[in-house]
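Please read the structure below before turning to the comments.
Bear in mind that the values in this text are calculations on the coordinates, not laboratory data. Everything numeric in this text was worked out from a predicted model, so none of it was measured. Cβ: placed from backbone, ideal geometry, glycine included. Neighbour counts: every protein chain shown.
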Amino acid sequence: MKIAATFRWNDRKHVIVKHGFIKKAIALLVLPFLLFSCEKENSEDVNQDKIYTDYELFYNKNEDKTYVVARFKFGGPTGTNLELTNGASVKFNGDLLTYNAFYVGHYKEYAGKISSGTFVYSDVDGNQFTNTTPAMDTVAFQPGFDTIVKSQANTLTWIGNSLAANQSVGVFVGSWTWGQDALFYQNQSGATNIVMGITGLSSLALGTSTVYMDRANETTVAQGTSEGGKIRSKYRALNKVVQVVP
């Protein structure tokens, strides 16, 4: 059973889940390039050195909530989902993360904004891996951004710092009609905007759409198994309702 839609941004590393861009498809958020499946195995049953780790700290300003997810895969980022068992555990800032089938990972949510934190993963062999999230940078829409002209390229300049190394901004324009959506991505160091080209805008319906914008900072884990892993911080701006015009 598939529970998430995949949007392949330039770095191929974002799968969009619950708090995301297409709730009509039970999907959104700007995360790893695989399609998550409901199938999983127990971590105690696999070679501990072949476990790939993926950690995410995500703040959604629309809800004023922070989501923390740690995912474990056997053999790499596209491998079998794992639930930590038989004494294996993962904590965030000292809080135990429990397995959540919807997120296909170990999960916890918090009220308010948590902009940084540390994951500590312990496997069944007694090995411990500690990783601190990269800096979370904010992003917001310009107050005057209220219209998208479908027949021409549109430059969306955000409020916030220019992109640094390992940072990216993703923009999703969505309506309630399936297929009438657009996704844009920017990861060039120094960038302060995204150009929404007419090819990407061609599928949009005229009228009201909601625009979502995420800013991510993703790096390789400092401590991990031979399979390695990724760790990211992500910030979602307040959504913006716009009019799509010819």
What ranking do Leu206, Leu84, Leu96 get, fewest neighbouring Cβ atoms within 10 angstrom at the top? Leu96, Leu206, Leu84
Let me spell out the model: positive unit charges on the Cβ of Lys and Arg, negative unit charges on the Cβ of Asp and Glu, origin at the Cα centre of segment 108-246. What dipole size does that give, in debye rounded to 20? 340 debye
Using alpha carbons only: equivalent-ellipsoid semi-axes of segment 182-239, gyration tensor based, whole Å: 31, 13, 12
Taking θ as phi - 60°, what are the ³J(HN,Hα) couplings along segment 41-54 by the Karplus curve (6.51, -1.76, 1.60), each to the nearest whole Hz, with x for Gly and Pro? 10, 7, 5, 5, 8, 10, 4, 4, 7, 9, 8, 8, 10, 9
Surrounding net charge for Gly87, when Lys and Arg each add one and Asp and Glu each subtract one, Cβ distance under 12 Å: -3
Per-residue Cβ neighbour rank within 10 angstrom, fewest leading, Val221, Val195: Val195, Val221
Proxy reagent accessibility, fewest Cβ within 10 Å first, across Val245, Val120, Val69: Val245, Val120, Val69
Can you tell me what the convex hull of the Cα atoms of segment 121-192 projects to on average, as an area in nm²? 8.4 nm²
Cα centroids of segment 75-145 and segment 199-243: how far apart, whole angstrom? 17 Å
